[in-house]
Amino acid sequence: MRVAVVGGGMAGLAAAHELATAGVDVLVLEGSDRLGGKLRLGQVGGLTLDLGAESVLARRPEGLDLISAVGLDDRVVHPETITASIWTHGALRAMPPTVMGIPADPEALAASGIAVMPEPRILPAPEHDVSVADFVTERLGRDVLDRLVEPLLGGVYAGHTDQLSLRATTPQIAALGDDLVTAAAEHRAAATASGPVFAGLVGGVGQLPAAVADTDGIEVRLSSTVRTATRTAEGWRLTVGPTTDVETVDVDAVIVAAPAPAAARLLAEEAPDAAFALAAIDYASMAIITFVLDDAVVPEGSGFLVPPVDGTFIKAATVSSNKWGWVGDSGRTVIRTSVGRAGDATLLQHDDGELASRALADLRSAFGTLPDPVDQVVQRWGGGLPQYDVGHLDRVETVERSVAAVPGLEVCGAAYRGVGIPAVIASGRAAARRLLDAGTIEA
């Protein structure tokens, strides 16, 4: 039996791995010239570094499980420091304890000078979905939202809390109950013994896609855009490749692991309700700008977040050479900055030199004097992050119902129930398991 996986990001690769290890022949069709989605390695100043995601959430098992399954567990490392700051009110200020930006220590928040929190309002969570902004502001005030919650979510989703769904993006906040601050303090106390929050790989997490693709039973075709997916009496027929040289591929089942716009196009005929719901999911574009400096010149700490309300160009900076021992061993300072949020399309129309110049100016404002970098790389992620706006989970349920009614079809990816690496791996594995458990395919 043979299954086609449309999309070679981490969700598609995880689905392929799950199927291949069960004895199924898998064909991964990726429209671009490389695998990995938002995982990517590149050269900056002679160093091989992550130009996309650089860590996985260690408190979810799926990422580390897959890393172990493909033989990379001996390279797993944890951050040397996770001491982060907020750059606001003209200074770098130590991040007080929070749960996704909800203060867990009001005294530490007051001492930080980051935000002023009024007396918290004790209110039950609404039964319907609301925006993160509406929920937090009503209970803790706009300053807490703008200077703690917003910068944290901006780093994950590149979105705006006025649009982002509470249920879809911050279920941790919704789960705190009526008294957010008290519950946040209790949650933080309970979490202190839970082990490291994040993990990475010596040499970069961008090694993971190739390691997964090397699994026996997985065939990969790059630069292979899938144009249609149509049910046949025996399974599915895909048309693949440029319009001037279309190839037909017959398979027993299909997992669509493409971003929502491409998935909507492929599902329009066989699962129109799913296609309609997917078409409603917006995406944000952003860029990561990596600088390499010759000397260890940056203060301690893993980096900082920036509240958008302060009007700076960058939204975050990570001092990778402080955060990861294997990067710091180079003897150089490596700083990653991120720019771009939903609706900021014009910002990314600047050329690479302008993006890097403006990002470096912000770094110098935050850190003080910095020497000129020896190298810099701008990695653009156009349409890279799906926006989980209010009502997102209802849209996802519509997609899942529609797809479930079509034998031999599954979907997975960041557009559904989580954008982090473990979440998309879980999405891909679950799609593969549904095919196997349904008996649609035989190992």
* Among 314-320, 331-337, how do they line up from the highest to the lowest mean number of other beta-carbon atoms within 10 Å? -> 314-320, 331-337
* Under 17 Å from a label point 7 Å along Cα→Cβ of Val197: give me every residue in region 398-436 with its amide N that close. => 419-423
* Can you list residues whose amide H is under 5 Å from Gly113's amide H, if they're 5+ apart or on another chain and H is modeled 1.01 Å from N? -> none
* To do: Would you please give the FRET efficiency between Ala361 and Ala438, computed as 1/(1 + (r/R0)^6) with r the Cβ-Cβ distance and R0 = 45 Å, to the nearest 0.05?
  => 0.25
* Asked: GNM, the chain, Cα, under 10 Å: largest mean-square fluctuation among His187, His128, His17?
  -> His128
* Structure fact -> Subtracting the Cα-Cα distance of Val116 and Trp326 from 0.36 nm times their residue separation yields 71.8 nm
* To do: In whole Hz, with x marking every Gly and Pro, tabulate ³J(HN,Hα) for region 271-285 from phi via Karplus 6.51 cos²θ - 1.76 cosθ + 1.60, θ = phi - 60°.
  => 9, x, 5, 5, 4, 5, 5, 5, 5, 7, 8, 7, 10, 10, 9
* Under a plain spin-label model, where a point goes 7 Å from the Cα along Cα-to-Cβ, how far apart in nm are His350 and Ser32? -> 2.3
* Asked: In region 357-396, which residues have a backbone nitrogen under 15 Å from the label point lying 7 Å from Asp295's Cα in the Cα-to-Cβ direction?
  -> 368-374
* Structure fact -> With the dipole of region 94-191 defined by +1 on each Lys or Arg Cβ and -1 on each Asp or Glu Cβ, the option from Ala185, Gly154, Pro106 whose Cα lies farthest towards the positive pole is Gly154
* Computed FRET value (nearest 0.05) for Arg401 with His78, which takes r as the C-beta separation and R₀ as 41 Å -> 0.55
* To do: Tabulate in residue order the Karplus-calculated ³J(HN,Hα) for region 203-212, using 6.51 cos²θ - 1.76 cosθ + 1.60 with θ = phi - 60°, rounded to whole Hz; enter x for Gly and Pro.
  => x, x, 5, x, 6, 5, x, 5, 5, 5
* Quick one: dipole size for region 229-334, taken about the Cα centre, charges +1 on Lys/Arg Cβ and -1 on Asp/Glu Cβ, in debye to the nearest 20. => 280
* Structure fact -> Given unit charges at Cβ for Lys, Arg (+) and Asp, Glu (-), the dipole magnitude of region 283-386 about its Cα centre in debye, nearest 20, is 320
* To do: List the residues of region 253-269 whose backbone N lies under 20 Å from a point placed 7 Å from the Cα of Thr243 along the Cα-to-Cβ direction.
  => 261-269
* To do: Among Asp273, Asp329, Asp282, determine the one that fluctuates most according to a GNM of the chain built with springs between C-alpha atoms less than 10 Å apart.
  => Asp329
* To do: Rounded to the nearest 500, what is the 222 nm mean residue ellipticity of the chain from helices alone, with -39500 (n - 2.57) per DSSP H run of 4+ residues and division by all residues?
  => -9000 deg cm²/dmol
* Asked: Helix 421-438 versus the longest principal axis of the chain: what angle, 0 to 90°, nearest 10, using Cα atoms?
  -> 20
* Under the definition of Cα pairs under 8 Å and six or more residues apart, what whole-number percent is the relative contact order of region 283-386? -> 46
* To do: With springs only between Cα atoms under 10 Å apart, run a GNM on the chain and tell me which of Thr244, Thr225, Thr369 wobbles the most.
  => Thr244
* So what is the orientation-averaged projected area of region 283-386, using the convex hull of its C-alpha atoms, in nm²? -> 6.5
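Given the Cα-Cα distance of His128 and Thr21 and 0.36 nm per residue of separation, how much length would full extension add, in nm? Walk me through the numbers before you get to the answer.
Details: separation 107, 0.36 × 107 = 38.52 nm, distance 4.06 nm.
Fully extending the segment from His128 to Thr21 adds 34.5 nm.
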* For Val374 and Asp105, FRET efficiency with R0 = 45 Å and r from the beta-carbon atoms, rounded to 0.05? -> 0.65
* Highest to lowest packing among 93-101, 119-127, scored as the average C-beta count within 10 Å -> 93-101, 119-127
* Structure fact -> Counting every C-alpha pair in the chain, the percent lying more than 35 Å apart is 31
* Loop GluC sites (Glu not before Pro), region 204-247 (other Cβ atoms within 10 Å of the site Cβ: 16 or fewer; DSSP) -> Glu234
* Structure fact -> Projected onto the charge dipole of region 283-386 (unit charges on the beta-carbon of Lys, Arg, Asp and Glu, signs +1, +1, -1, -1), the Cα from Val374, Gly353, Gly340 with the largest positive-side position is that of Gly340
* Just how large is the dipole of the chain about the Cα centre, in debye to the nearest 20, putting +1 at every Lys and Arg Cβ and -1 at every Asp and Glu Cβ? -> 240
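Read-outs: derived from the displayed coordinates by stated rules, not from any lab. Everything quoted here is computed from the prediction, not taken from an experiment. Positions of Cβ are generated from backbone atoms using ideal geometry, with glycine treated the same way; all protein chains shown enter the neighbour counts.
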